[in-house]
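Down below is the structure, laid out as structure tokens.
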Amino acid sequence: MARYVALFEEAATITGEPALGARMGTGFKPADIGPIGMLFALSPTIRSAFERLSKYVNAVQGATSSGVFEENGDFVWSYRIVDPSMWPRRQDSEFTIAASCQLVRSCFRRGWRPIEMQLEHHAPRDAGVLERIYGAPILFGQSSNRIVMNKAEADRVHRAEDKSLIEILERHIGDLVNEPAAGDILKEKVQALISIYLGRKPVTVATLAAELKMSPRSLQRRLSEEGVSLRDLVRQHRQTLAAHYLGDRHAAPMSEIARVLGYADNTVLWRALRSWEKKGSPLPSRR
């Protein structure tokens, strides 16, 4: 994955095309991701298509996290590479978002437009090119890459589902990816949800337990058995994001970084930074 990300960035530099990833994404087809693409194309709604995409792409493509959630009456799909050392990764992010939009336009409605795009890297000089490709306004410097969609449109039924065919495809994909058993490491699942929700919706034992279809007590117990707590995992993720943003001279204002990290304001962020430093986790100062 690291080699792919680096090669993609290098290709954009060599070709002199800063928006190479986004432009390539506009030619994406369901067949390009095999049976996962077919599942997307056969889904009755945009919501179910993205739910399936998240479930299986996470298994096929390592070092990534994706998922869906609702926020302020909108439907949101989120995607990011979880390893902070894979940076820069603009091309992968913009390609994935553009390719996902193209899947919707080819499988559901040609003129489909999302409400908003969110990208984790800072705004490039050619941001206008990206807005034209995506067909939506873009927020940069976010905690993840996201497509924000109209909820009613995401739930609109476009076709009847052939359940037998869907089951065949899901079994086939399960065989291909060797889908993990339910007893696999819970910490990794929780980390993935934190990366999706942080700064967008509450990250609590109750909300994550509901997402994982288990009781809050069971979630706490299982994490304890793995030697961690939800508070530890949230703190670690915040420290990773804070180190990235504070070390980036193009980063957003502190108030925006605080929001991305899920804090009420920059005062709370400063307190957290001082607390981490006292515990031996120094972070880079803003350049």
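The values are calculated or read from the model by the stated rules, or taken from the named source; none is laboratory data. Model, not experiment: these values are computed from the prediction. Backbone-built Cβ (ideal geometry, glycine too); neighbour counts: all protein chains shown. Remember, those area values only see protein heavy atoms, side chains included, never the ligands or the DNA or RNA. Shrake-Rupley method; radii C 1.70, N 1.55, O 1.52, S 1.80 Å.
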query = Looking at this structure, is Ala59 at pLDDT below 95 and more than 21 Å from Met117 (Cβ to Cβ)?
reply = yes
ask   = Which one is least open to solvent (accessible area, probe 1.4 Å), of the residues in the stretch 208-231 that are in a helix (DSSP H, G or I) and basic (Lys, Arg)?
value = Arg222
Candidate set from the stretch 80-101 (those that are open to solvent by less than 20 Å² (accessible area, probe 1.4 Å) and of a type in the set (D, E, K, R)); member that is nearest to the chain's Cα centre (by Cα) = Arg80
task = Considering only residues that are in contact (Cβ under 8 Å) with a residue 24 or more places away in the chain and in a loop (DSSP other than H, G, I, E, B), look in the stretch 235-262 and name the one that is surrounded by the fewest Cβ atoms within 10 Å (Cβ to Cβ).
result = Arg249
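Please verify whether Val234 is closer than 30 Å to Leu246 by Cα and modelled with pLDDT of 90 or more, treating the condition exactly as stated.
Judged against the criteria, Val234 is a match.
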Residues that are of a type in the set (Asp, Glu) and either in contact (Cβ under 8 Å) with a residue 24 or more places away in the chain or touching a strand residue (DSSP E or B) at 6+ places or on another chain (Cβ under 7 Å) (or both), drawn from the stretch 117-176 = Glu120, Asp126, Glu131, Glu153, Asp155, Glu161, Asp162, Glu170
query = If a residue has to be assigned to a helix (DSSP H, G or I), more than 12 Å from the chain's Cα centre (by Cα) and crowded, with 20+ Cβ neighbours inside 10 Å to count, how many in the stretch 53-79 make the cut?
reply = 1
